[in-house]
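Reviewing the structure listed below.
The values are calculated or read from the model by the stated rules, or taken from the named source; none is laboratory data. This structure is a prediction, so every number in the text was calculated from the model and none was measured. Please note: Cβ atoms are built from the backbone with ideal geometry, for glycine as well, and neighbour counts cover all protein chains shown.
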Amino acid sequence: MSSQMGNLKWQRVSPWALVYFVLHFAFRFVKDGIFNLLPIGIVFVTQVQDKLFWGQIAGAVAVVGLLVYSFAYYINFRYCISDDHEILLNKGVFKKERLTLNFLRVQNVNIAEPFYFKPLGLVNCIFDAAGSTSQEAVLPGVTVNYAEQMRERVLAYKQTQQPDATAPEADDLDASEPHQCLTLSNKEVAKFGLMSNMAILALAALAPFMNVVFEFLEKAVINRLESFYQQEVGMLVNAAALAVFSLFVFIVLIAVLLSVLMSLIRFYNYELYFHGGKFKRISGLLERHQLSVSLDKVQSMLIKQNLVARLLKRYTVQCLQATSGGFTAGAKSKQSLVMPVLTLEQVKQACQWVHPWINTEGFDFKTLNFKGVEKALLIKNLFLYAFLPSLIFAIFGYFNEVINPFYSALSFTLLSMLVYLSYKRYGYYFYQYKGRYYGVFRSGMIGVQYRVFELYKAQSTYSVSTYFMRKSGLKSMYIQLAAGTVSMPYLKADVANEIIDFTLFQAESDQRSWM
């Protein structure tokens with residue numbers, strides 16, 4: 001074994017890969033480290049006097065440290081494609097790592113063309129392993145031909161070892177079928193920025209430091225705005241309130257613009273192709289990323305429409321693959337197949353590619369005969385999430401004599417409406433097509449989401465029943481997929497048991513591979 005390891009032909013990547021390492025670690029610092037340094041940054045902005053001098057010192061130290069670390073990482077980075085059909089990586093600076101990735105564990109081989117590699121004809125070859133970011137192997141700065149050869153080599157080997165897993169079903173696929181294409185204009189992509197909430201979540205991370213931030217803004221911005229409004233509008237309005245409102249509107253606009261920019265960077269010139277049972281997605285502004293996904297790798301489809309998407313009459317569709325860390329781990333921004341902003345007709349088209357039973361003529365998820373959950377869920381949630389909070393609100397207002405009882409009644413009404421909407425959204429629907437069985441699970445509140453999957457892809461099923469649920473003959477049902485868990489609360493016990501037994505039967509009797 002040791003002699004075999006010694007005979008491995010270790011290779012370096014192109015020296016241009018150093019650019020990738022610099023930008024990669026810079027991005028990781030901004031993404032993962034910026035929030036850890038956020039308290040220091042706030043103290044720096046609000047307390048330090050000579051900000052320009054110390055800011056230059058801190059920036060110079062950070063840049064030098066980034067360049068030195070990236071160069072050391074490049075020097076230690078080696079890769080090898082072994083005769084045992086494995087990808088071996090040696091990497092690390094302070095902590096040496098050896099990553100071994102067998103071809104059989106590779107879900108996709110994707111190609112990304114960053115803007116800084118485009119003039120050189122180089123790309124990043126990405127080996128995606130079952131949705132795990134820690135096990136993802138990236139060969140930066142390789143030629144396009146080499147990346148294409150590696151993709152063909154991996155897929156060819158997997159087909160020889162797992163012919164049933166990679167061969168498309170004759171009933172569903174036609175080798176002579178034309179390429180089907182779905183493209184999104186950048187105007188549509190910008191709408192996804194309005195629909196997503198990433199920038200809002202980033203602003204929410206500032207909540208623990210809002211007192212310090214507000215004190216700084218009050219001195220630097222609000223007081224000046226108040227003076228300006230006082231001169232311009234005089235006694236017509238409250239200048240201080242108008243200054244605070246103006247600042248709030250400005251922050252919201254910045255958040256929205258940031259979200260739109262992020263969506264354009266990720267999905268710029270979005271193109272999606274489907275042919276021969278495979279998806280190919282090409283998108284990206286700073287990095288033109290090519291993602292290939294085989295149809296049999298798709299564990300389920302998630303179709304979402306939040307409040308803003310409802311106003312825009314758009315949907316977001318995600319094809320979920322196997323993950324190693326639950327549902328959230330499968331939502332890797334670059335390696336997950338996301339169709340960000342689709343019309344209803346485009347949703348029908350995408351769904352029919354994955355699930356042929358969906359008839360595009362007049363099909364709408366809203367017309368499916370969903371079966372709902374039991375009213376006990378509504379009663380419980382009304383008590384926990386509407387009555388109790390409103391009661392606490394009323395008691396607090398009564399003892400402090402600052403809150404009108406009318407507001408307690410209003411809060412109870414609003415919370416009750418939200419609870420009722422959530423209760424009505426829950427639903428499940430099963431469909432049989434050519435001997436295959438599919439499930440559609442619906443949930444949501446103001447928005448809605450549908451989870452569509454084939455039953456044989458279930459890994460396990462189980463139910464949960466509390467003491468009071470058992471007294472009422474109720475159970476909450478859970479179906480574990482390789483792409484996360486699907487659940488439906490408060491079903492009759494016999495109905496939940498029937499669904500669980502039938503799902504397990506489909507999973508155990510169907511010999512098709514879901515990986």
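Values for this structure:
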read-out: Residues of the range 160-181 satisfying the condition of being modelled with pLDDT of 80 or more and under 15 Å from Val293 (Cα atoms); value: Gln180, Cys181
read-out: Listing of strands (runs of 3 or more DSSP E) fully contained in the range 437-515 that carry 3 or more residues being among the small types (Gly, Ala, Ser); value: 458-464
read-out: Odd one out for Gly121 among (1) under 27 Å from the mean Cα position of the chain (by Cα); (2) without any contact (Cβ under 8 Å) to a residue 24 or more places away in the chain; value: (1)
read-out: Residue in the range 278-297 that is under 17 Å from the mean Cα position of the chain (by Cα), outside any helix (DSSP H, G or I) and aromatic (Phe, Trp, Tyr) present; value: no
read-out: Matching entry among Arg451, Arg442 (being of a type in the set (Lys, Arg), outside the structural domain of Lys380 (by TED's automatic domain parsing) and either on the phi > 0 side of the Ramachandran plot or touching a helix residue (DSSP H, G or I) at 6+ places or on another chain (Cβ under 8 Å) (or both)); value: Arg442
read-out: Residue list for the range 82-93, filter: at pLDDT below 90 and among the aliphatic types (A, V, I, L, M); value: Val93
read-out: Boolean, Glu148 is in the same structural domain as Leu18 (by TED's automatic domain parsing), assigned to a strand (DSSP E or B) and among the acidic types (Asp, Glu); value: no
read-out: Pair list, Cβ < 7 Å and 6+ apart or interchain, from the range 74-88 residues that are farther than 15 Å from Phe127 by Cα to residues that are modelled with pLDDT of 90 or more and in a helix (DSSP H, G or I); value: Tyr74/Ala17; Tyr74/Leu18; Tyr74/Phe21
read-out: Single residue of the range 465-483 satisfying the filter (among the polar types (S, T, N, Q) and touching a strand residue (DSSP E or B) at 6+ places or on another chain (Cβ under 7 Å)) that is nearest to Phe453 (Cα to Cα); value: Gln480
read-out: Single match in Leu388, Leu378 (criterion: at pLDDT 80 or above, surrounded by 18 or more Cβ atoms within 10 Å (Cβ to Cβ) and not in a loop (DSSP other than H, G, I, E, B)); value: Leu378
